[in-house]
Amino acid sequence: MIHPWRKAAALAVFSLSAAALAQSPVPPAGVKPAAQSAAKPAAPVAKAAAPAENPDTIRVLLTPELETTLVAQMVGRISSLKAELGGKVQKGKAVIGFDCGEAAARLNMAQAEYNSARETLNAKERLRKLDAAGDMEVTLAAAGADKAKAAIAMSRAQLAQCTVVAPFTGRVVKVHVKPHQGVNVGAPLLEMISDGPLKLRLNIPSRWLRQVSVGTPFEVDINETGRTYQAKVTLINARVDAVAQTIELEARMDKAEPELLAGMSGIARFKVAP
């Protein structure tokens, strides 16, 4: 037989245990406690710092002093081609010739017509001295002679177009035609550049104008040769690019460098304060 005071003590202990359980949250079945379900934070991954690009790196392009594209001035067939890729040509020398038999025949015809018109004019002038011809006849004969003379000049100009000569001493960088090929007026024949010192073209920040002027020296690292060259500014553009805040310059090497070719590029290095 349980004493009443022991029964009361057991009920008190049970009540305290139930209250403690009610105050501590118990997760539902199948759900892990927050401490266990929380994902373990990943260790930070160290990233390699990208090298900062130098905003004052100046790209340089080598360009020739002169360059041009020779085009056909007439319709015809190419009879001779004296130019090859990379070949050197002298100023005034023929590089391309056309078959101009027809143009030569027209010149001969014009000369014959002029001789005839001149003889007619001489005859009219003699008759005018004898009062056997009027002033109008002499004037018309003179106009006919002038017209025939102009036809000779035109034929000679057309015949001159049969030979394409080099406008300056340089090298051929592209040939568009082949021997015996027919071409039309305006068709490109070949491209050439001058054979002389190369120019440097570059754009610098416009804020450098306080320190850079014509004659300012700088160094150029050419990618293709791996060498460093000395150069000086020769021209400065008259307008600043308002969007990029840059200005275009031209420069020249201090001395001739035979290993440099047009189209090579590199980086210019100026000694300017930041």
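So here's what we get for this one:
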read-out	value
Residue pairs, from the table K82/K255; K88/K178; K129/K149; K174/K232; K93/K149; K93/K199, whose Cα atoms sit over 27 Å apart	K82/K255; K174/K232; K93/K149
For the stretch 197-269, the spread of Cα positions along each principal axis, largest first, Å	36, 22, 17
Fewest-first ranking of I58, I96, using other Cβ atoms within 10 Å as the exposure measure	I58, I96
Environment charge at F168 (Cβ cut-off 12 Å; Lys +1, Arg +1, Asp -1, Glu -1)	+1
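Just so you know, all these numbers are worked out from the coordinates, no wet-lab data involved. The model shown is predicted, which means the values in this text are computed figures rather than measured ones. Ideal geometry is used to build each Cβ from the backbone, glycine not excepted, and the neighbour counts take in all protein chains shown.
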